[in-house]
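Chemist: So that we are looking at the same thing, I have put the structure below in structure tokens.
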Amino acid sequence: MARFDAYFLLKPEDAAEYAEQVLGFFDDGADLECTEIGDGNLNYIFRVVDRRSGRSVVIKQAGHTARISDEFKLSLDRNRIEYDLLKLEGELAPGLVPEVYRFDPVMNCCAMQDLSDHLIMRRALLERRPCPLFAEHITTFMANTLLLTSDAVLDHKEKKVLQGRFINPDLCEITEDLVYTEPFNDRKARNRAFAPNLEFIRRELYEDQEILLETAKLKFDFLAHAQCLVHGDLHTGSIFVRPDSTKVIDPEFAFYGPAGLDVGMLIANLIFAWVNADTTMPAGRERDAFSGYLARTLEEVVDLFQAKWRALWEERVTETVARYPGFAAWYLAGVMQDSAGVTGLELCRRIVGIAQVKDITSMADPASRVRAERLCLSLAKRCIKERARVRTGRDYLELLAWAAGQYPRGAP
Ligand code: SR1
Ligand code: MG
């Protein structure tokens, strides 16, 4: 039996051999070096470089359990889903995802473009590097991938076939548990709340009956609203940036779900970046400039997304009844309502739940972290409860200003 004819978890030396023998990516005589570069919660990622030519490739492999914890047993099919969706997204939103070269259903890995000349956006923002074209790029990505895979545009039978290719029960279960359920009840006792905020979280989330009811409604929206093909995990750790380029990666959580899942997750993570800058940067011009840039980006993302969605709707909608007067506005209002709800859920789960974000956990001063978390959770609650009216970039900025006013910097 040949070396890669049966599945096993690669080590760096195996990945280099795989790139040479199976991918045939490198010239004869290549001098290969391989490093495991993954720092996500689920998979193993290898970068193989030929020291002679400088050519490189990334190989991403799925294991049977999540990296973050063996508690999560996951179908290897997620690697196929990721490959298929990157291909499709490359057609729907050209230039905004990495190029994918090959999927291997035996080794459950896919080979793709090396984006080492980019930075993960969360890191870029924590290093205070602005991404000037980001709002423009990501709003094209979201409008195109979400609207063009919906029933408004696709033939309904074609849509159902596509939906079938992206049935993703294990990864959806993670989101059902970690985003929609556990942050509000710690049902599996694996939340990781920051100790000084435990009481606050108990009172403000676990014991707030209105929040529980609203999160239940949102969970059923996630479970049963097969609106369009969503990325499913569109946070700033799933986006590579360079000043002139944006590449969305990691769509392994993809499935047919509510468009607001992607939009809301992104908004929440821009808010985390703003809160980190506001909390940890010393007062002065640099902080004002960077937090101003983040606020503008947030506003542009919300407003440009809707403008591009409307324009694309005019151009591409094929469903007759979707052209009835008033329908387009009603439909988009629903997407924005879901987005506000998900913004709130994502803000809560990254603070209370098992999968946290560096924007918050890297805050060294406990008092600052307490304040930042309370600010985010208070904002989250309003996004969830008032989601029917939170629509524009300005609406989000007003809520952010309100939450920051509730927890002034330096107050005891
Ligand atoms: C067990 S996976 C935890 C989280 O990591 C992924 O990036 C998703 O956000 C998921 O919820
Ligand atoms: Mg990921």
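Chemist: Considering the range 326-338 alone, what residues qualify as being crowded, with 20+ Cβ neighbours inside 10 Å and of a type in the set (A, V, I, L, M)?
Modeler: Within the range 326-338, V335, M336 qualify.
Chemist: Report every pair of residues separated by at least 6 positions or lying on different chains whose Cβ atoms are under 6 Å apart, first residue within the range 31-59 and without any contact (Cβ under 8 Å) to a residue 40 or more places away in the chain and among the aromatic types (F, W, Y), second assigned to a loop (DSSP other than H, G, I, E, B) and within 16 Å of ligand 2 (Cβ to nearest atom).
Modeler: Once the first residue is without any contact (Cβ under 8 Å) to a residue 40 or more places away in the chain and among the aromatic types (F, W, Y) and sits in the range 31-59, its partners that are assigned to a loop (DSSP other than H, G, I, E, B) and within 16 Å of ligand 2 (Cβ to nearest atom) give Y44/G38.
Chemist: Quick one: which residue in A259, A226 is surrounded by fewer than 23 Cβ atoms within 10 Å (Cβ to Cβ), farther than 15 Å from E82 by Cβ and of a type in the set (A, V, I, L, M)?
Modeler: A226
Chemist: Could I ask something else about it? Tell me, which residue of the range 268-294 that is under 19 Å from the mean Cα position of the chain (by Cα) and of a type in the set (G, A, S) is nearest to G344 (Cα to Cα)?
Modeler: A268
Chemist: Considering only the range 56-66, I want to know if a residue exists there that is within 13 Å of ligand 1 (Cβ to nearest atom) and out of contact with any Leu (no Cβ under 9 Å at 6 or more places or on another chain).
Modeler: No; the residues of the range 56-66 include none that is within 13 Å of ligand 1 (Cβ to nearest atom) and out of contact with any Leu (no Cβ under 9 Å at 6 or more places or on another chain).
Chemist: I've got another one for you. Do the conditions hold for M121, that is, is it under 29 Å from W274 (Cβ atoms) and surrounded by 20 or more Cβ atoms within 10 Å (Cβ to Cβ)?
Modeler: Judged against the criteria, M121 is a match.
Chemist: Could you run through the range 156-191 and say how many residues are among the hydroxyl-bearing types (S, T, Y) and assigned to a loop (DSSP other than H, G, I, E, B)?
Modeler: Of the residues in that region, 2 qualify.
Chemist: Okay, moving on. Report those strands (runs of 3 or more DSSP E) wholly inside the range 192-298 carrying at least 1 residues which are within 16 Å of ligand 2 (Cβ to nearest atom) and modelled with pLDDT under 95.
Modeler: none
Chemist: On the basis of being at pLDDT below 95 and surrounded by fewer than 20 Cβ atoms within 10 Å (Cβ to Cβ), does G54 make the cut?
Modeler: For G54, the condition - at pLDDT below 95 and surrounded by fewer than 20 Cβ atoms within 10 Å (Cβ to Cβ) - is not met.
Chemist: Also, quick follow-up: Looking only at residues that are free of Cβ contacts under 8 Å to residues at least 12 places away in the same chain and surrounded by 12 or more Cβ atoms within 10 Å (Cβ to Cβ) in the range 181-206, which one is farthest from R369 (Cα to Cα)?
Modeler: Among those that are free of Cβ contacts under 8 Å to residues at least 12 places away in the same chain and surrounded by 12 or more Cβ atoms within 10 Å (Cβ to Cβ), it is K188.
Chemist: Looking at (1) among the β-branched types (V, I, T); (2) surrounded by 18 or more Cβ atoms within 10 Å (Cβ to Cβ); (3) farther than 22 Å from G38 by Cβ; (4) touching a Phe, Trp or Tyr at 6+ places or on another chain (Cβ under 9 Å), can you tell me which one I167 breaks?
Modeler: Of everything listed in (1) among the β-branched types (V, I, T); (2) surrounded by 18 or more Cβ atoms within 10 Å (Cβ to Cβ); (3) farther than 22 Å from G38 by Cβ; (4) touching a Phe, Trp or Tyr at 6+ places or on another chain (Cβ under 9 Å), I167 misses just condition (2).
Chemist: Of the numbered conditions (1) of a type in the set (S, T, N, Q); (2) without any contact (Cβ under 8 Å) to a residue 24 or more places away in the chain; (3) within 30 Å of L148 (Cβ to Cβ), T215 fails exactly one; give the number of that condition.
Modeler: So T215 meets the others, but not (2).
Chemist: Does G341 satisfy the condition of being of a type outside the set (S, T, Y) and either surrounded by fewer than 17 Cβ atoms within 10 Å (Cβ to Cβ) or within 16 Å of P196 (Cα to Cα) (or both)?
Modeler: no
Chemist: Which one of these is touching an Asp or Glu at 6+ places or on another chain (Cβ under 7 Å) and under 21 Å from V248 (Cβ atoms): L148, L133?
Modeler: L133
Each row is one residue, and each column tells you yes or no for (1) surrounded by 20 or more Cβ atoms within 10 Å (Cβ to Cβ); (2) more than 16 Å from ligand 1 (Cβ to nearest atom).
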site: M265; (1), (2): yes, no
site: N276; (1), (2): yes, yes
site: P282; (1), (2): no, yes
site: R287; (1), (2): no, yes
site: D303; (1), (2): no, yes
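Chemist: A further question on this structure: Could you check the range 92-109 and list, in sequence order, the residues that are over 20 Å from the mean Cα position of the chain (by Cα) and more than 17 Å from D39 (Cα to Cα)?
Modeler: Scanning the range 92-109 gives Y101, R102, F103, D104, P105, V106, M107, N108.
Chemist: Let me ask something else about it. Do we have any residue at all in the range 13-31 that's part of a strand (DSSP E or B) and closer than 26 Å to A66 by Cβ?
Modeler: no
The values are calculated or read from the model by the stated rules, or taken from the named source; none is laboratory data. As the structure is a prediction and not an experimental result, all values here were calculated from the model. Note: ideal-geometry Cβ built from the backbone for every residue, glycine included; neighbour counts use all protein chains shown.
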